[in-house]
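Read the structure below first, then the notes.
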Amino acid sequence: MRLIYHPQYTHSMTGTLLNVVTILAGSALGILIGSRFSANIQQSVVTGLGLVTLVLGVQNASQSGNILVPLLSLVIGTIIGEVLDVDGRLKAFGAWLQVRFANGKGDAESANTARLRFISGFVTASLVFGVGPMAVLGALQNGIDAADIRLLAIKSTLDFFASIAFAASLGIGVAFSALPIFVIQGGFALTGMFLAESAGAALGAESPLIRELTASGGLILMGLALVLLDVKQPRVANMLPALIVAPLIVLGAALLGVPIYP
């Protein structure tokens, strides 16, 4: 089967490309000013980011119309993630990126510290920037209507300032989070484009699919907040399959005629 390029593909990625650029720009600025911060300042900044992530997670989780849906999604998704070792694979990819593009010189101890810092920045930023509702809904809307980048423009602005703070504390690994963001949001953008072409679909924030996906993402962000606050170290990336399970539960319930909302 021959794949044919269509300009619509590029137009549907406009918002995602904007987001990638703002993450790279914010990371570059954060790296420049980060060297001026003491270890205590960097630690305090990470704690502040953890608190904000916790609040954002709670807000997103509260979007659910039935908390059992994100609960089941998280349980099932985490089991799948543990079996597939998503967290380990994401960290291994981060380690490969560090060796390939940002391998610093120095003794073994400092090299290992730099490696762990890079991986932490890469994984943390990838989860924060890629799990939120604007990443999903904004990319879908851009795919459905190539001219609609409003949500992703707002997200890009927020990510610009967040990447400054993350990169100042966690280093250059934050910049490389632009790679999975491009893949994740680009995938949703293409999905939206195909939905629009096949069925003229329109997905909004009030769609049960989006609401439960957002709520599941909120629970994942709360788990990430525990890492940033140094309360616990859950393998947060292993929870990511919940973002696929949640819409499947909603679709399955609709097909079977099972009411999920009171």
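None of the figures in this text is laboratory data; all of them are computed from the coordinates on show. The structure displayed is predicted, hence computed values, not measured ones. Ideal geometry is used to build each Cβ from the backbone, glycine not excepted, and the neighbour counts take in all protein chains shown.
Computed quantities for the displayed model
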{"quantity": "R0 of 35 Å, Cβ-Cβ distance LEU179-LEU68: FRET efficiency to nearest 0.05", "calculated": "0.50"}
{"quantity": "Chymotrypsin sites (Phe, Trp or Tyr not before Pro) restricted to region 17-97 and DSSP loop, no more than 15 other C-beta within 10 Å", "calculated": "PHE37"}
{"quantity": "Computed Rg/Rh of region 24-121, alpha carbon atoms with Kirkwood Rh", "calculated": "1.07"}
{"quantity": "Local net charge near PHE122, Cβ-Cβ under 14 Å (Lys/Arg +1, Asp/Glu -1)", "calculated": "+4"}
{"quantity": "Degrees, to the nearest 10: 39-61 long Cα axis against longest axis of the chain", "calculated": "10"}
{"quantity": "Cβ-based charge dipole, the chain, positive-most Cα from THR214, LEU137, VAL227", "calculated": "VAL227"}
{"quantity": "Rounded to the nearest 20 debye, dipole of region 10-256 from Cβ charges on Lys, Arg, Asp, Glu", "calculated": "500"}
{"quantity": "Residue order, fewest to most surrounding Cβ atoms within 10 angstrom, among GLU212, GLU82", "calculated": "GLU82, GLU212"}
{"quantity": "Charge-dipole axis of region 10-256 as Lys and Arg at +1 and Asp and Glu at -1 on Cβ define it, positive-most pick from GLN42, ALA147, VAL128", "calculated": "GLN42"}
{"quantity": "Packing-based exposure ordering (other Cβ within 10 Å, fewest first) of MET222, MET239, MET193", "calculated": "MET222, MET193, MET239"}
{"quantity": "Percentage relative contact order, the chain, counting C-alpha pairs under 8 Å, at least six apart", "calculated": "39"}
{"quantity": "For region 136-262, size of Cβ-based charge dipole, Lys and Arg +1, Asp and Glu -1, in debye", "calculated": "280"}
{"quantity": "Förster-model FRET efficiency, 25 Å R0, GLN42 and LYS232, C-beta, rounded to 0.05", "calculated": "0.75"}
{"quantity": "Computed lengthening from ALA25 to ARG150, 0.36 nm per intervening residue step minus Cα-Cα distance", "calculated": "43.0 nm"}
